[in-house]
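Undergrad: What follows is a structure written as structure tokens; I'll ask about it next.
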Amino acid sequence: MTVGGVIVSGGRTSRGDRADGAKGWRLTSAHTAAVAAGVLLLALGVLTGRPDVALVGVPGLLAAAWGRTARPGGTGAPAARTPTDDDGDPRGTLHEPEGTAAPGELTATLRLTTPPHAADVVHLRISAAGHRTTEVALAARPRSEQARPVRDVPLRLSSVRTGPQETFAIDVRGSLHAVWEQEPTQVGGTRRLVLPAAAPLGRLPLPRRLRGLTGPHSARRLGDGAELRDIHPFTPGDRLRRIDWRTTARRSPDLDTLYVRRTYATAEATAMLVVDSRDDVGPDLRTWRGYGTLRVDEPTSLDLARHAAASVARALVEAGDRVGMEDLARRRRPLPPASGRRHLRRVLHGLALAHPTQRASVHRVRPPQVPADAIVYLFSTVLDDEPLHLVRTWRAKGHPVVLVDTLPDVHRATASHLRIAWRIARMEREDRLAALAGEGVPVVRWAGSERDKAAVRFEALARAAERHVPGRTGAP
């Protein structure tokens, strides 16, 4: 957490006596210490007959008396304050950028409004989930702009997490002459939606059968396209612009038979992104039981799933294909396949809202419905048998499936019971992945250093599909 233009202060001002007639303000411990020291020195000088010692305590008493009369909002006795004087206390307002945010850094601006004679120093206590609390003290108004009652403090928060995130929670407290201090007021405490970023990918595996009357890929059927299929005699229904006059002149000099160039039709692919958000685990095994706080500098499995799904969705949409999304933890209507930048924004928003729910542990009797001739990208940690059931059901219906493994690299556990539990869970997980690989399901790892190799893995799957289906891109 970074606070711009402030001085870090590790100390705190302890509570003093509450000021009479000054609502929301109280005397600090510095005032109490000055009065106590002055009275003690004055009494000690009188008892010992030392006027020099008594004089040492007089400045402290005079300073305390002057500070007590210089009340916040102006000078004078407490009775001179009106009920509207509270409106002149230092106030803070948190201004955050509108809309969603991107992962990496969250920014905001704290606007401090301090009327004249209200306070000379403002203390801030800034906290955020997963970050250490920062305490700062700064002048109520910059020296170059003493006449302005407003001061803007930029705030920055670093985090690799995505989805709904807690932002800044700030306690604001004014101080005047180190004698008066304000009751802390809370500012912020809002939540922001952080959309997942997308990594650049190349070609991706596509379904075996394409749909639509137009698109970026060559289909198996005849139609308008750029890829040549064959040369065929003219038949009723062929367009005249398809006539190949050179071939006609070579094969039929008397123009008894016309020959046309037939091409493969163009079509678009349909992909369904299925995010297994039933669990959200981090690299630390101690947090898997629901205890402890997940670190903000380490992505969890759901963060990796959001990032991988956003990367696949962006690559497909930019290629002109249709993309849909399904969340296994939310039993609602899935996002239907569509294309375009606006639809990509809806997909990213749906990915950011994916999170575990109480109903996520309930076994699905029926897997999510997938449109016909669509390829399924499943993003899961494969920590239970549910992904195997879903993959086998989709493949039985003729849908190609690509599994993206989103389990983060787990840290070595120090406790013996955690090491044993993770060893058993890891062996079961490896058996599931081996079973899927044996059935011909491609598995792409998306964690740690393997994330950088995902694009190469997807490219290899797309090339392997081309060798099995000549003339166009396909899926495994």
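Undergrad: Calculated FRET efficiency, residue 419 and residue 186, Cβ-Cβ r, R0 35 Å, to nearest 0.05?
TA: 0.25
Undergrad: State the Cα centre-to-centre distance between segment 332-346 and segment 389-439 in whole Å.
TA: Measuring centre to centre over Cα atoms gives 28 Å.
Undergrad: Could you give the nm distance between label points at residue 261 and residue 459, where each point is 7 Å from its Cα heading toward the beta carbon?
TA: 3.0 nm
Undergrad: To continue, here is another question. Based on the Cβ-Cβ distance of residue 158 and residue 426, what FRET efficiency does E = 1/(1 + (r/R0)^6) give at R0 = 35 Å, to the nearest 0.05?
TA: Here the calculated transfer efficiency is 0.70.
Undergrad: Residue separation times 0.36 nm, minus the C-alpha to C-alpha distance between residue 240 and residue 393: what's the value?
TA: 50.4 nm
Undergrad: Additional query: If the chain between residue 55 and residue 102 were fully stretched, how many nm would it gain, using 0.36 nm times the residue separation less the Cα-Cα distance?
TA: 10.6 nm
Undergrad: Further, regarding this structure: Please work out the FRET efficiency for the pair residue 435 and residue 132, using the Cβ-Cβ distance as r and a Förster radius of 41 Å; give the result to the nearest 0.05.
TA: 0.40
Undergrad: Modelled label-to-label distance, residue 452 and residue 40, 7 Å Cα→beta-carbon offset: nm?
TA: My value for the distance between the label points is 6.3 nm.
Undergrad: A follow-up question, please. Write down Rg/Rh for segment 147-210, rounded to two decimals, with Rg from the C-alpha atoms and Rh from the Kirkwood relation over Cα pairs.
TA: 1.33
Undergrad: For segment 393-436, rounded, prolate or oblate, judged on the Cα gyration tensor with a ≥ b ≥ c (square roots of eigenvalues), a/c < 1.5 rounded, else prolate if a/b > b/c?
TA: Taking the square roots of the gyration eigenvalues as a ≥ b ≥ c, segment 393-436 is prolate.
Undergrad: Ranked highest first by the average count of other Cβ atoms within 10 Å around their residues, in what order do 176-189, 333-346, 125-138 fall?
TA: Top to bottom by mean Cβ count within 10 Å: 176-189, 125-138, 333-346.
Undergrad: In addition: Could you pull out which residues in segment 108-129 have an amide N less than 14 Å from a spot 7 Å beyond the Cα of residue 178, following the Cα-Cβ vector?
TA: Under 14 Å, as judged by backbone N against the label point of residue 178, lie 120-121 of segment 108-129.
Undergrad: In terms of modelled amide H atoms, which long-range or inter-chain residues lie less than 5 Å from the amide H of residue 324?
TA: 271, 272, 273, 338
Undergrad: How much length is gained if the chain between residue 287 and residue 69 is pulled fully straight, taking 0.36 nm per residue apart and subtracting their Cα-Cα distance, in nm to one decimal?
TA: Taking 0.36 nm per residue and subtracting the Cα distance, the gain is 73.1 nm.
Undergrad: Please report, in Å, the Rg and the Dmax of segment 371-476, where both are computed over Cα atoms only.
TA: Rg, Dmax (Cα atoms, Å): 15.9, 56.
Undergrad: Okay, next question. What is the spin-label model distance, in nm, from residue 369 to residue 33 if the labels are put 7 Å beyond Cα along the C-beta direction?
TA: It works out to 7.3 nm between the two label points.
Undergrad: I would also like to ask the following. Any idea what log10 I(q)/I(0) is at q = 0.11, 0.16, 0.21 Å⁻¹ for segment 222-334, Debye with uniform C-alpha scatterers and no solvent?
TA: -0.61, -0.85, -1.08
Laboratory data are not the source of any read-out in this text; all were calculated from the coordinates shown. Source: prediction; values computed, not measured. FYI the Cβ positions are ideal-geometry reconstructions off the backbone, even for glycines, and counts take in every protein chain you see.
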